[in-house]
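Structure first, commentary second.
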Amino acid sequence: MKRRHFAIGRIAGATFAALAAALALCAIGSGAAAADQLSDIKARGALDVGVKADVLGFGFLNPKTNQYEGYEIDVAHELAKRLLGDPNKIKFTTVTAKTRGALLDSGELDMVIATFTITDQRKLILDFSPPYYTDGIALLVQKSSGIKGLKDLNNKTIGVAKGADTATRLTAKASDVNVLLSFAAFETYGEILAALQAGRVQAFSTDGSILKYYEQQDPTTVILPDRYSSEDYGVATRKGGDTLSAWVATQINDLKNSGTLAKWQHKWGIYNENQGK
Ligand code: GLU
């Protein structure tokens, strides 16, 4: 049976609360089976996880091995091991900032572990685990541009990804320093790099961890040292799948408290003192 929480994600605030209550009553009437995502996954025997394919050290589809690898992939395997007794009982799907919410909403994925920042707005429509990593927004520019930071981008165009929180957060920072930014939004990060190379945008902005791969693609570009936000990454699950959300939160806390997350961050060369704050 198709899991059926897809409608919930598009409704916010009070309407959402009223609908959630009504849906809970329906679920009781129909046997409540659909709300138990943990049982659903166990019956299926595999965890459907959305991950990134282009974030080095986090979620990267290695072209040499055709396998996903990185810190977030380790977290996913560990969750499969704890839930299904086998770290490989997992089906990975590549997501982008734009596609990940909809794929979760539609029931195609059980969870998303994909540099997904926990924000108050997103928490209205999705559940998030406690943070397993903290990163920050950065800027990738052409070395030859002479741009050193946000202050040099007044009236310039910044390339961002659709579905990312980058523009909102950078706008807030820029207004603090009286800088006016304009943004161009793209489907994929690859398109933003191309736009930077073509001079259609003067900076490419997203989390520093994501920019690393694109900086490597083009040695004429550089990631500037400043960070303009605190991006807490959480494992996202559907609202209403409360058994799963609570279970995931417990596992992340356990992995954090046991020092396992920090160990994996060292292994992937992404250790960040701010994580788990
Ligand atoms: N982490 C940021 C966000 O969730 C940047 C986008 C991304 O993860 O690709 O909005």
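The values are calculated or read from the model by the stated rules, or taken from the named source; none is laboratory data. All of these numbers come straight from a predicted model, not from anything done at the bench. Here the Cβ positions follow ideal geometry from the backbone for every residue, glycine too, while neighbour counts run over all protein chains shown.
Annotations for the structure displayed:
- Criterion (within 17 Å of I147 (Cα to Cα), among the aliphatic types (A, V, I, L, M) and either out of contact with any helix residue (DSSP H, G or I) (no Cβ under 9 Å at 6 or more places or on another chain) or modelled with pLDDT of 95 or more (or both)) met by exactly one of A164, A185, A195: A195
- Subset of the range 195-215 (residues that are under 21 Å from V95 (Cα atoms) and surrounded by fewer than 16 Cβ atoms within 10 Å (Cβ to Cβ)): none
- Neighbours by Cβ (under 8 Å, 6+ apart or cross-chain): first from the range 224-251, over 15 Å from S129 (Cβ atoms); second away from the ligand (no atom under 16 Å from the Cβ) and of a type in the set (K, R): L224/K148
- Condition met for T96 (in contact with a helix residue (DSSP H, G or I) (Cβ under 7 Å, 6 or more places away or on another chain) and near the ligand (Cβ under 9 Å from one of its atoms)): no
- Identity of the residue in the range 104-131, within 14 Å of the ligand (Cβ to nearest atom) and assigned to a helix (DSSP H, G or I), that ends up nearest to E69 (Cα to Cα): L104
- Matching residues in the range 168-193 - criterion: being within 10 Å of the ligand (Cβ to nearest atom) and crowded, with 19+ Cβ neighbours inside 10 Å: R169, Y189
- Per the listing G146, G159, G136, the residue uniquely loosely packed, with under 15 Cβ neighbours inside 10 Å and within 26 Å of R200 (Cβ to Cβ) is G146.
- G163 meets each of the listed conditions (1) touching a Lys or Arg at 6+ places or on another chain (Cβ under 6 Å); (2) away from the ligand (no atom under 12 Å from the Cβ) apart from (2).
- Residue match in the range 132-149 (condition: part of a helix (DSSP H, G or I), more than 18 Å from Q37 (Cα to Cα), touching a helix residue (DSSP H, G or I) at 6+ places or on another chain (Cβ under 9 Å) and more than 16 Å from the ligand (Cβ to nearest atom)): yes
- Listing of strands (runs of 3 or more DSSP E) fully contained in the range 160-277 that carry 2 or more residues being more than 16 Å from A114 (Cβ to Cβ) and β-branched (V, I, T): 221-223
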